[in-house]
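Below: the structure, in structure tokens.
Every read-out reported here was derived from the displayed coordinates using simple, explicitly stated rules and does not represent laboratory data. Nothing here was measured: the structure is a model prediction, and the numbers come from that model. Heads up, the Cβs are rebuilt from the backbone with ideal geometry, glycines too, and the neighbour counts pull from every protein chain shown.
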Amino acid sequence: MLEHPLTMWQQMESLGYTRRDFLRFASWLAAAAGIEASGIGQVVHAMETKPRIPVLWLHFQECTCCSESFIRSSHPIVADVLLDKISLDYTETLMAAAGHQAEKSLHDTMKKYKGEYLLLVEGAIPTNDDGVYCCIGGRSAQDILTEVAEGAKAIVCWGSCASNGCIQAASPNPTGATPVHTLISGKPIINVPGCPPIAEVMAGTIVHLLAFDRIPQLDGLGRPKAFFSRRVHDTCYRRPNYDAGLFVESFDDENAKRGYCLYKMGCRGPVTYNACGVMRWNNGVSYPIQSGHGCIGCSEEKFWDYGPFYQHLASFPGFGIETTADKVGVALGIATAAGIATHAISTNIRKRKQIQQEIAGSDTIADDTKGGA
């Protein structure tokens, strides 16, 4: 069993990186993890002093795109150092060992670092027919997950497969594909959905665990708020065209060439929470909407069962999707006029009641005066 004596800084230093490189990397990781500037010092301290965390990375019903995304991070040090930093002790995709040696590494880590290791899961878990649809070494995915999760410090679900079942769970779901959180309880679980998730989002989630020794703040679906608190629609560079009512009607029309909004082409950006529009892909060069394709909502639960990806979605709260800028202006004008009219009417009613009360009060005083006389 490998020991884990080196910290991240020591690992970087051994590979020839300078102190300046290390501090820049710490700042980049802090930003990627959604940590404000005042927290950078804590990230630096953690990477200077904390030993490498043993990590077990399990693969079940998936296409390995999450692993592919992670190792292709736009920051070179992620692949060069971070994988070493977290001491990736077991993963069917990247480890050199095979067979009995690989299984020994898995069980040695589980035994020696019980309650300390981090479990990363990629892929859904089939539950129908005793889990025969995904078996490794003669054991079902569910059996393996249950055993390894028991001694984990925390569980990170990479991608939509592990987070919500993804395509494998599409109706009628013949294999009974199931996300991790429905099978495992009593453990901190972080869902990082996406098909695949952005590499920097994956790295940022790991760094938060390393630096603060706790899971990041999560939303109602167990996703890190630092990356899943805003809709793709809110950060999309095509948003002004949406607000102006300028839409692509077909992928080969003039509006498409002008970069108008893709909502009518089925873009699900308005109902999808992810950091694609901010962090982007391929070294920050682009993301699906920027390359001319609408968002398919891959970080949302059951996105595969919402209907055809190119089908126009129903309107969502706010101005009607068909509304042009002129109509929006007219609607606002009407709303304003209606508000003024409503205010005037309510004011008049209030004043009338006040006058009536004053008259009633005067009559009462007059009656009292007569009675006293």
Would you mind computing, in nm to one decimal, how far apart the modelled labels at L218 and R139 are, each placed 7 Å from Cα along Cα→Cβ?
2.4 nm
As a quick test, which of the pairs K50/K112; K50/K225; K104/K187; K50/K104; K257/K302; K50/K114 have an alpha carbon distance above 22 angstrom in this structure?
K50/K225; K104/K187; K50/K104; K257/K302
Inter-label distance, nm, simple model (7 Å from Cα along the C-beta direction), K225/R258:
4.0 nm
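Give me Rg over Rh for region 232-305, both radii from the alpha carbons and Rh done the Kirkwood way, two decimal places.
Values: Rg = 11.8 Å, Rh = 12.4 Å.
Using only Cα positions, Rg/Rh for region 232-305 is 0.95.
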If I stretch the segment between S250 and T49 completely, what's the gain in nm (0.36 nm per residue apart, minus their alpha carbon distance), one decimal?
66.8 nm
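Given the Cα-Cα distance of E147 and I71 and 0.36 nm per residue of separation, how much length would full extension add, in nm?
24.7 nm
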Gyration tensor (alpha-carbon) shape descriptor, region 8-227, a/c threshold 1.5
prolate
So N128 and N173, fully extended at 0.36 nm per residue minus their Cα-Cα distance, gain in nm 15.3 nm
Nitroxide proxy distance, nm - points 7 Å out along Cα→Cβ at K112 and T93:
2.5 nm
